[in-house]
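Everything on this sheet refers to the single structure shown next.
Each value in this text was obtained by applying a stated rule to the coordinates, not by laboratory testing. Model, not experiment: these values are computed from the prediction. Quick reminder, even Gly has a Cβ in these numbers, built from the backbone with ideal geometry, and neighbours come from all protein chains shown.
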């Protein structure tokens, strides 16, 4: 596993999120009240970019397509896809799946994310 520099800490204000392309995958970096967190970029339901979603209550990311919600700190599903009406019919095929999260380190004013050698899940978007 390697630490990869993502950005300067001052570049991402509290309450913000931003997608980044690291050496072999895309992630979203979030700056919450208690620090920085990183998850895979794509929703585990239908692979919609979560950087287009919104942060709810300062701790949950909501997918912009079907409104699945994930706890940013842990990647845990908080609410599975429920929009539009009828999308629940797809849910047995695309069962609930947490987001992959990455360890974040801040040192000397820079934010680093620890990335393992290979993406852990099918929703981990690779940079080519």
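Based only on other Cβ atoms within 10 Å, what is the fewest-to-most ordering of 47, 20, 70?
Fewest-to-most Cβ neighbours within 10 Å comes out as 47, 20, 70.
For 34, 51, which order do you get if you count the other beta carbons within 10 Å of each Cβ and list the fewest first? Before the final figure, lay out each step's value.
Working: 34 10, 51 18.
Ascending number of Cβ neighbours within 10 Å: 34, 51.
Which of rounded, prolate, oblate describes region 2-115, given a ≥ b ≥ c as roots of the alpha-carbon gyration tensor eigenvalues and a/c under 1.5 marking rounded, otherwise prolate only if a/b is larger than b/c?
Prolate shape, in that a/c is at least 1.5 and a/b is the bigger ratio.
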